[in-house]
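**Student:** Quick one: this structure, given as structure tokens, is what I'll be asking you about.
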Amino acid sequence: MRAQEIRNAFSNYFIKNGHDKHKSSSLVPHNDPTLLFANAGMNQFKDYFTGKANPANRRAVTIQKCVRAGGKHNDLENVGFTARHHTFFEMLGNFSFGDYFKKEAIRFAWDLLTVELKIPKDKLLVTVHDSDDEALEIWHREIGVPKERIFKLGDKSNFWEMGDVGPCGPCSEIFYDHGAERSTGVPEGHQEIDDEGRYVEIWNLVFMQFEKYKDGNEIKRKPLPKPSVDTGAGLERVTAVIQGKYYNYDTDIFEPIMKAIGKLTGKDYYSTKSEDEKSSFRVVADHIRSCTMLITDGVIPSNDGRGYVLRRIIRRAVRHLSLLGLKDISFYKLIPAVIESLGEEYPDNAHNAALAEKLLKLEEEKFRKTLDTGLALINEELTNIKPGEKLSGEVAFKLYDTFGFPLDLTEVILREKKLELDTKGFEDSMARQKAQSKKGSKFKVQEDNLKVFYGIKEKFGETNFIGYNEVVSAAKLLAKEEIDGQFYLVFDKTPFYGEGGGQVGDKGEIHSPEGKLATVIDTQKPVDGLHVHVSPDADALTVGETYTLKINHEERELTKRNHSATHLLQSALIQVLGDHVKQAGSSVGPDRLRFDFTHSDALKPDEIAKVEELVNSAIATSLPVVAAQMTKDEATKKGAMALFGEKYGEKVRVLTMGNFSIELCGGTHVSNTGEIGLFKILVETSLASGVRRIEAITSTTAIDYLLNRSKILSEVEKNFAVKDERVLEKLAALQSDVKDKAKQIETLTDKIQIFESQNLFNNKIDIRDGLTLTFAKVNDGEPNNMRKLGDIFVDKMPKGVLFLFTILDDKVSFILKTSRNNKTVNCSEILKQVMPIVNGRGGGKPDNAQGSGDAAKTEELLKAVEGALK
């Protein structure tokens, strides 16, 4: 049975038993800042389990893509060296939201494994929580599992909790017996089932039957009124069992990738006798899956958050490709093999494969350079370590953090040199970095504030947003909260747009019949569907009363034009640059628009001009802008573009602009592209590796901008006494003249320096065997001039050493220079010795080093340089 057949069998079994199949959610968790990546099937159903939302069907089945790398769940360093650790894996899951419970969940799991998938019953064992006699009796009396094959375990293994408070409950796990020959022994004080080599967990059934809550300072537990079920079976593990494999990597899931790696490296995973080679194959195979799926779900390599974890995975994979002998840029070439394995189940990811290829190629090119730099650094450090000494933990961490060096690479190099690593120093550096990262973490949420808004939504439901058609409306105030000096207001309905989809929240005013009562400075949606109006002066408003809500109509109109222009911009970029362009972020307000998109290179002037031309042409054509509600599948069939990495509900809003653009969007827009008036790109820059940013303006803002530029041009024409295109000719002539004059000045300056150096280098001290030291002070401390004087000195005195310095205010700047052929002197080492005298900083090469420090200690510095040289 192949993996896709197992996926189908799992889904079909539960559909047959009354479950609705839900698509896998994105690996980027939707509206859950507490999670780095989706790491379990239940992530997308949190609100169903907590009662914050109600499902159409209380039974669900999914095949969820998951990543565990970084954060609490981090398998990265184990991947490749064990049989079952992965960064990316698929979780088969069935769920009951207050419908069936233990008896049905256990029966479903057992029937599917033993009947549908035909796993022998005598190869399966189960565990239950040591307090869960109910589950034990179901397994024994109703399913028929002998009691000697049922193990009771404690909280650590068999009790699940969503957090410090919230749903929780006991687990029951199903294990497969790989046979006594795979035994790695039972740890002292443990039960037989804890032999991890022999017994492998393949399915975990979580019975959510309690709720943990705070009672003062005490955490208590009470039964849930509607107990639920959350199960998870790792597809890779189940497939290995059914296909008779011990290593997950030996299944057909990984076969296309292993063959692709073999084709690139000229090695064969299935026949190699080298365990090191096998491990490297596994690392690369696992990591290309996680990298491909993360990028195609919207994660971009970067230096923080999710992007940083992705970058670490990429670099670890490239390191292992190097160990397999592959030095060329090749990692991205494995993506088609991933799509072959996963594309059928995850078509949205397959659609974005071209983007993954571009970004992975770019990342590997960058890391190949840092890999060489890192190797140079470690080799330099190793020259200063004597046998038996340890490499500094700080240096190892710098290699890990700055150059992306996997720790195992550093350890391998050290072992080859018979050296050790200061592990504690490395761990201390890592702890400091984690503490710092925790301070600035983007994956934390003010739970207390969110609970307030969840409570409001639970009590009153979602806000009725009428702002697509209304800008003024009477509305009843349902809730008023004061947090940190600001008022947060919730009405039964509102014309105010809550920030989302890149569009800023509306501003405006709240009125009574007597006049203005409060100012709205922002509108947010802290909880899906709940529009919260932020006001600094809402003291006079009373809950239960009806008020008139008025948005700032002028700002809304400008924002609408900018938002619609953003849609036109994305379509134009795709036409000009290619299908790999995906939205990576946006910000739309009344003043300007900002659009981030996936593309590796800076746009050329002619590309920017073409994009502007396409957008302005679409504006001039006055295309109708039409919004329609439909299912996600219907929208996809129509060709609607979705926001990269975003999750959508069952119904989506599709915005069409003639035949130029069709996107999913909940924002506010013009009714006709002609209303936008004009579009102008202000700047195009790099945001991150593989991500570009465009800032642009529209409407009256763009007209004012161009009028101002026209005014400036008029002033230039007046000053140069020329008109229109003649201005460019005049500027070109002036620039050419300035360059000529600059060359003449440089030539004269060089001649002056050569003449002055005849006296400048007279202060010469004999050191030994023809070696001399010359001190020279200059008034012009411009770095380029000092470098030129150094070169003049070396030409004149190839056996000499020059200490050239200049003093400005309280700072002395200096260079120490000698010929490259003078191997008896190391300028960099000499400066390292004397730099503390002036509390200075600097460095360089053996023939040329520079630094700066406290000018008051200059005389001491000169003596120290002479002493060090002698």
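**Student:** Given the options I697, T774, Q833, identify the residue whose Cα lies farthest towards the positive end of the charge dipole of the chain (+1 on Cβ of Lys, Arg; -1 on Cβ of Asp, Glu).
**Tutor:** Projecting each Cα onto the dipole axis, the largest value belongs to T774.
**Student:** Tell me, what ³J(HN,Hα) does each residue in region 37-51 have, in order and in whole Hz, if you take phi through Karplus 6.51 cos²θ - 1.76 cosθ + 1.60 with θ = phi - 60° and put x for Gly and Pro?
**Tutor:** Values per residue, Gly and Pro as x: 9, 4, 10, 7, x, 7, 3, 6, 10, 3, 5, 5, 5, 8, x Hz.
**Student:** When the distances between all Cα atoms of region 60-152 are binned every 10 Å from zero, what whole-number percent does each bin get?
**Tutor:** Binned Cα distances yield the sequence 13, 32, 35, 19, 0.
**Student:** What is the gain in length, in nm to one decimal, between A733 and E829 on full extension, counting 0.36 nm per residue of separation less the C-alpha to C-alpha distance?
**Tutor:** Full-extension gain reported as 29.6 nm.
**Student:** Could you compute how much accessible surface K507 exposes when probed at 1.4 Å, giving the result in Å² to the nearest 10?
**Tutor:** Accessible area of K507: about 100 Å².
**Student:** Please list W160, W139 from largest to smallest accessible area, probe radius 1.4 Å, with all protein chains kept in place.
**Tutor:** Result, largest first: W160, W139.
**Student:** Given H placed 1.01 Å from N in the peptide plane, which residues other than close sequence neighbours of V520 have an amide H under 5 Å from its amide H?
**Tutor:** G508, E509, I510
**Student:** With a 1.4 Å probe and every protein chain left in place, tell me how much accessible area I193 has, in Å² to the nearest 10.
**Tutor:** Accessible area of I193: about 10 Å².
**Student:** Now for a different question. Determine ³J(HN,Hα), in whole Hz, for all residues of region 527-541 in sequence, where each value follows from phi through the Karplus function 6.51 cos²θ - 1.76 cosθ + 1.60 and θ = phi - 60°; x replaces Gly and Pro.
**Tutor:** 10, 3, x, 10, 8, 10, 8, 9, 9, x, 9, 9, 3, 7, 7
**Student:** Each label point is 7 Å from the Cα along the Cα-to-Cβ direction; what then is the distance between the points at S671 and I754, in nm?
**Tutor:** Simple spin-label model gives 7.9 nm for this pair.
**Student:** Run the dipole for region 134-277 about the Cα centre, Lys and Arg Cβ at +1, Asp and Glu Cβ at -1, nothing else charged, and hand back the magnitude in debye, nearest 20.
**Tutor:** It works out to roughly 380 debye.
**Student:** In whole angstrom, how far apart do the alpha carbon centroids of region 335-409 and region 665-739 sit?
**Tutor:** Answer, in whole Å: 41.
**Student:** Still on this structure: Normalise the Cα radius of gyration of the chain by 2.2 N^0.38 Å (N = residues in it) and let me know the number. Mind dumping the intermediate values first?
**Tutor:** Numbers: Rg = 33.9 Å, N = 870, 2.2 N^0.38 = 28.8 Å.
Dividing the Cα radius of gyration by 2.2 N^0.38 Å gives 1.18.
**Student:** Would you mind checking which residues have amide H under 5 Å from T231's amide H? H placed 1.01 Å from N; only 5 or more apart, or other chain.
**Tutor:** N94, V206
**Student:** In whole Hz and in residue order, list the ³J(HN,Hα) couplings for region 473-480 that follow from phi through the Karplus curve 6.51 cos²θ - 1.76 cosθ + 1.60, θ = phi - 60°; x for Gly and Pro.
**Tutor:** Calculated HN-Hα couplings, in order: 7, 7, 8, 8, 6, 8, 8, 9 Hz.
**Student:** Quick one: ranking D750, D155, D847 by accessible area, 1.4 Å probe, largest first, what do you get?
**Tutor:** Sorted descending by solvent-accessible area, the residues read D155, D750, D847.
**Student:** Taking the alpha-carbon set of region 311-396, what are its Rg and Dmax in Å?
**Tutor:** Cα only, region 311-396: 17.6, 56 Å (Rg, Dmax).
**Student:** Quick check: the angle from helix 605-620's long axis to the longest principal axis of the chain, C-alpha only, nearest 10 degrees?
**Tutor:** Tilt of helix 605-620: around 50 degrees.
**Student:** Dipole of the chain (Lys/Arg Cβ +1, Asp/Glu Cβ -1, origin at the Cα centre): which of G144, V670, F460 lies farthest to the positive side?
**Tutor:** Result: V670, furthest along the dipole toward the positive end.
**Student:** How long are the three semi-axes of the equivalent ellipsoid for region 111-159, computed from the Cα gyration tensor as the root of 5 times each eigenvalue, in whole Å, largest first? Intermediate values should be presented prior to the final figure.
**Tutor:** On the way: eigenvalues 87, 28, 18 Å².
Largest first, region 111-159 gives 21, 12, 9 Å.
**Student:** Then there's this: State, to one decimal in nm², a quarter of the convex hull surface area for the C-alpha atoms of region 195-327, i.e. the direction-averaged projected area.
**Tutor:** 13.3
**Student:** Also, quick follow-up: Could you list the GluC sites (Glu not before Pro) in region 726-821 that lie in coil according to DSSP, counting only those with at most 14 other Cβ atoms within 10 Å of their Cβ?
**Tutor:** Of the GluC sites (Glu not before Pro), not one in the loops of region 726-821 has a Cβ with at most 14 other Cβ atoms within 10 Å.
**Student:** Got a number for carbon plus sulfur as a percent of the chain's accessible area, 1.4 Å probe?
**Tutor:** Working: 20010 of 42080 Å².
Here carbon and sulfur together make up 48 percent of the probe-accessible area.
**Student:** Would you please give the residues with an amide H less than 5 Å from that of S586, counting only those at least 5 places away or on a separate chain, with H modeled from the backbone geometry?
**Tutor:** D596
**Student:** In degrees, nearest 10, range 0 to 90: what is the angle between the Cα axis of helix 102-111 and the longest Cα principal axis of the chain?
**Tutor:** 80
**Student:** Please calculate the 1.4 Å probe accessible area of Y488, with all protein chains present, and give it to the nearest 10 Å².
**Tutor:** The value for Y488 is about 50 Å².
**Student:** Now for a different question. Within the set K52/K525; K718/K743; K369/K418; K52/K638; K398/K823; K65/K121, which residue pairs have Cα atoms separated by over 21 Å? It would help to have the intermediate numbers written out before the result.
**Tutor:** Numbers: K52/K525 15 Å; K718/K743 30 Å; K369/K418 27 Å; K52/K638 32 Å; K398/K823 30 Å; K65/K121 28 Å.
Where the Cα-Cα span goes over 21 Å, the pairs concerned are K718/K743; K369/K418; K52/K638; K398/K823; K65/K121.
**Student:** So for K263, K417, K386, what's the accessible-area order with a 1.4 Å probe, most first?
**Tutor:** Values: K263 180, K417 115, K386 135 Å².
Correct descending sequence by accessible area is K263, K386, K417.
**Student:** Kirkwood hydrodynamic radius of region 263-306 from all distinct Cα pairs, in Å?
**Tutor:** Final number for the Kirkwood radius of region 263-306 is 12.3 Å.
**Student:** Report the one residue of A38, V299, L391 whose Cα lies farthest in the direction of the positive end of the charge dipole of the chain (charges on C-beta: Lys and Arg +1, Asp and Glu -1; origin at the Cα centre).
**Tutor:** After comparing all options, I get L391.
**Student:** Roughly how tilted is helix 423-439, in degrees to the nearest 10 and between 0 and 90, from the longest Cα axis of the chain?
**Tutor:** That helix lies at roughly 70 degrees to the long axis.
**Student:** How many Å³ per residue does the convex hull of the Cα positions in region 1-118 occupy? Walk me through the numbers on the way to the answer.
**Tutor:** Numbers: hull volume 15.0 nm³, N = 118.
Hull volume over Cα atoms, normalised by residue count, gives 127 Å³.
**Student:** Quick check: net charge around H531, other residues with Cβ under 12 Å of its Cβ, Lys/Arg +1 and Asp/Glu -1?
**Tutor:** With Lys, Arg at +1 and Asp, Glu at -1, the net is -3.
The values are calculated or read from the model by the stated rules, or taken from the named source; none is laboratory data. Since this is a predicted model, take the numbers as computed values, not measurements. No Cβ is skipped: glycine too gets one built from the backbone with ideal geometry, and neighbour counts run over all protein chains shown. Only protein heavy atoms, including side chains, enter the accessible area calculation; ligands, DNA and RNA are left aside. Shrake-Rupley method; radii C 1.70, N 1.55, O 1.52, S 1.80 Å.
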